[in-house]
Amino acid sequence: MAYRWPAGTVCKRIELDVEERSCPVCDRDMHVCDHRYHHLWTLAGPTQVVNRLVRCPDPTCDSRGQTFSPAAELSISMPRWCMGWDVLCWLGHRRFARHWSVPQLRAELQDTYAIRLSDDAIASYLDRYQTMLAARQQEPERLADDYRDMASLVLTIDGLQPEKGHETLYVVRELRRKRVWFAEPLLSSATPEVQRVIALARQWAERLDKPVGVWMSDKQDAFGQAIGTEFPTPPHRYCHTHFLRDVAKPVLELDSQTKVKMRRKVRGLRTIERRVLEDRRHIVAFEPAPAPGPPPADEPPRVDIPEAAAPEACVRRDLGVGPPPNALDTTAGAVTAAPAVKDEAGEVVLGYCAAVRGMLNDDQGGPLHPPGVRMSEALQEVRESLERNLQAQKGGVQSRC
Ligand SMILES: [Zn+2]
C-alpha cells in the first residue's frame, strides 16, 4: 500500500546488514550490491530502514543472480508495510481488547505519537491483525498444548446474528477451556449447511485426539440432525440458558401482566406532584417575607422527617434497583430551581413520587428475578416506609426509615 509521507518528514535511520556474509554455496565473502529503503511509522516516530543487500561476487557460483537481504527487517515490520509491529500491536490491542473505534484510534495515534494514518489504512491493518490473531488462535500446536491435560471436550454450537438482516454466524465453542474454536457465516440454517460446520468440529476434535463428552445447543432441528450424524455417541444436551429462558416464558408472560395491573393501580403521580408545586407557588405569592408563616389550609399534613433526603434512603435501600440514580435529584433540582421555598413536606412527597416512577419504569431482571416481582417488592417497601412515617406522626415519635 503506497503511503504518502507528509512533506518535510525527518526519519530516524536504522541500517541493517545480512546476518551471514559468506555465500551459502561457495562460502566466499559476499558484496553489498544494492540498498533497499523502507519507510515506516514506529511508536518512536518516522523511521527509515536501510537494508544492505548482498550477493556472491563469483559469477560462476550457483547462487548467481540471487540477492540476500537482512532477516532482521522482518522483526521491525513486514515488507511494504507503512508501520512497524509496535504500531500494529498498539492498534490491534486497543481495537479488540479495549474496543476503541477506528476514528478514536486515528486521533490517539495522531495526538500521542504524531502518526498520521487514514481511517482506511487503519481498518486495513486491523484486518491483517485480526487474520494473524485468528491464525494464532487456531494454530494446531497451540491448541494441542492447551488441551494436553483435558480428558474430554464439551462442545457447543449457537447461531448469532451480529446485525439484523445479516447472515447468521455459527459459533462452535469448547466449554472446558472456554475457547471459541471457529465461526462460520451461513446463509441458511438448513441441515446440510450446519452439518458442514459440525463436520469441521469433528475434524478439530480428531486432530486433538480427544473424545467429545457432550454437545450442547438450543437443540434446533438442524443441530440435532447434524450432531446426530457426525457424533453418534456423545449425548446432546439442551443449553442451560436456552432451557431456562424457554421454561420461564409462561412465567414471564404472567409477570408482564402483573406489571400492567400494578401500573394501572399506582397512578396519579403527576397530579400529586402538580399539587405540591402549586402549593409552593401559593406560598411564594402570599408570603413574600422570608419568615415561614402558618401553612395554607389546603396543604397536606406535614410529615415529620428531619431531612428531605430521608425517603431516598429508605426507598432505595436494598432494592439494588429502585429509581434511576438521579430520578430524585432531577425532580428535586427542577423544584428547587423554582422559587426557593422551604417546603420539607413537599420535598418528601416529590421524592416519593420520583422513586415510585423509577420503580414503574424499571424493566430490568431476567427469568430468575422477574421485573414484576421486583416492582412489587419495591412498591411494598414504599408502602412500609409511608406507614412508618404515619405511625411516627401519630405517636409523635420521629420516624426512622
Ligand atoms: Zn558463491
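A few comments on the model shown:
- Dipole axis of segment 1-73 (+1 Lys, Arg; -1 Asp, Glu on Cβ), positive-most option in VAL25, LEU40, CYS56: LEU40
- Electrostatic dipole magnitude of segment 19-82 [Cβ: Lys, Arg +1; Asp, Glu -1; Cα centre; debye, to 20]: 240
- Sequence of ILE76, ILE272 when ordered by accessible area, the most exposed leading, probe 1.4 angstrom: ILE272, ILE76
- HIS39 accessible area, 1.4 Å probe, all protein chains in place, Å² to nearest 10: 70
- Within-14-Å neighbourhood charge of LEU186 [Cβ basis; K, R +1; D, E -1]: -3
- Mean projected area (nm²) of the alpha-carbon convex hull when segment 136-292 is viewed from all directions: 18.5
- The accessible-area ordering, largest first, of the residues GLU253, GLU384 stands as GLU253, GLU384, per a 1.4 angstrom probe.
- Backbone phi angles across segment 86-95, fed through the Karplus curve with coefficients 6.51, -1.76 and 1.60 (θ = phi - 60°), yield HN-Hα couplings of 4, 5, 4, 5, 4, 5, x, 5, 5, 6 Hz in residue order; Gly and Pro are listed as x.
- Taking segment 18-143 and dividing mean pair separation by its residue count, relative contact order in percent (alpha carbons under 8 Å, at least six apart): 19
- Links that overshoot a 29 Å alpha carbon limit, given the list LYS259/LYS394; LYS164/LYS265; LYS219/LYS261; LYS164/LYS249; LYS210/LYS249: LYS259/LYS394; LYS164/LYS265; LYS219/LYS261; LYS210/LYS249
- Normalised by the number of residues in segment 1-62, the mean separation of alpha-carbon contacts (under 8 Å, six or more apart) gives a relative contact order of 38 percent.
- Note on segment 128-269: with neighbouring protein chains present and a 1.4 Å probe, carbon and sulfur make up 52 percent of its accessible heavy-atom surface.
- ILE283, ILE115, reordered so the largest accessible area comes first (probe 1.4 Å): ILE283, ILE115
- Rolling a 1.4 Å probe over the protein heavy atoms gives segment 37-179 an accessible area of 56 Å² per residue.
- 14 Å beta-carbon shell around ALA135, net charge (K/R +1, D/E -1): 0
- Residue-by-residue Karplus 3J(HN,Hα) for segment 347-364, coefficients 6.51, -1.76, 1.60, Hz, glycine and proline x: 4, 4, 4, 5, x, 4, 4, 5, 5, 5, 4, x, 5, 5, 9, 7, 10, 6
- Assigned charges on the beta-carbon of Lys, Arg, Asp, Glu; segment 125-277 dipole about Cα centre (debye): 1480
- Heavy atoms of LYS219: accessible area, 1.4 Å probe, square angstrom to 10: 100
- FRET efficiency, 1/(1 + (r/R0)^6) with R0 22 Å, evaluated for ASP221 and MET150 via beta carbons: 0.15
- The gain in end-to-end length when the HIS35 to THR258 segment is fully stretched comes to 72.4 nm, 0.36 nm per residue minus the alpha carbon separation.
The values are calculated or read from the model by the stated rules, or taken from the named source; none is laboratory data. In this text, all values refer to a predicted model and were calculated from it rather than measured experimentally. All Cβ positions, even for glycine, are placed from backbone atoms using ideal geometry, and neighbour counts span all protein chains on display. For the accessible areas, the whole protein counts, side chains as well, though only heavy atoms, and no ligand, DNA or RNA atoms are used. Shrake-Rupley method; radii C 1.70, N 1.55, O 1.52, S 1.80 Å.
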